[in-house]
Amino acid sequence: MQELDELADTFEMLGDWEERYRYLIDLGRKLPALPAEQHTEANKVRGCMSQVWMTGHAEPGPPLRLVFQGDSDAHIVKGLIAVLFKLTSGKTPREILDADIGAAFSRLGLESHLSMNRRNGFYAMVERIRAMAAQAAQGAPAGAEPAH
């Protein structure tokens, strides 16, 4: 996955974790703004210590591709959202469902450099995106509330 290779190269080039955290925060600052009206309970990601909102929509194809938007009240989390979107947004539902985001997370070294709460929140975001991709693969709108 080219996006993962680029992220991994950048992380390696930065060296220490203080620089990598700054890079994550910078990625988060570059996320397109999520409109205020999208900061709703329906768009809130459960399982995150921080406030996290995430939406998605399908761009018709062929092939159909999903595009995600998100926001958080925590800078590092916003950076994690940006990393997740680099790996998933603009992909087909099948590509998203087949992606090993956990392996990507480990390859970037995030697994061992984030608190347990942040890791759990990250995986809650991954599950939200996977649920949207699964719904889109079955023909439901991508931004629909995931089934629980």
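A short reminder: the numbers here are calculations on the coordinates, not readings from a lab. Remember, predicted model here, so these are calculated numbers, not experimental data. Heads up, the Cβs are rebuilt from the backbone with ideal geometry, glycines too, and the neighbour counts pull from every protein chain shown.
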How many nm separate the modelled label positions at residue 137 and residue 59, each set 7 Å beyond the Cα in the direction of the Cβ? 2.1 nm
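Could you please report the charge total around residue 22, scoring K, R as +1 and D, E as -1 over all other residues with beta-carbon less than 12 angstrom from its beta-carbon? The partial results should precede the final answer.
On the way: positive: 20, 29; negative: 16, 18, 19, 26.
Once all neighbours under 12 Å are counted, the net charge is -2.
Going by average Cβ neighbours within 10 Å, how do the peptides 10-23, 72-85 rank, with the highest at the top? Each step should come with its number before you reach the end.
Values: 10-23: 13.3, 72-85: 21.4.
Packing order, densest peptide first, comes out as 72-85, 10-23.
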Counting pairs of Cα atoms in the range 1-79, how many percent are more than 19 Å apart? 50 percent
In what sequence, highest mean first, do 56-69, 33-46 appear when ranked by Cβ atoms within 10 angstrom? 56-69, 33-46
Sorted largest first, extent of the chain alpha carbons per principal axis (Å): 44, 30, 25
Lysines with Cα under 19 Å of residue 86, excluding same-chain neighbours fewer than 8 positions away: 30, 78
Between helix 2-14 and the chain: long-axis angle, C-alpha atoms, 0 to 90°, nearest 10: 20 degrees
Tell me the relative contact order for the chain as a rounded percent, counting alpha carbon contacts under 8 Å between residues six or more apart. 25 percent
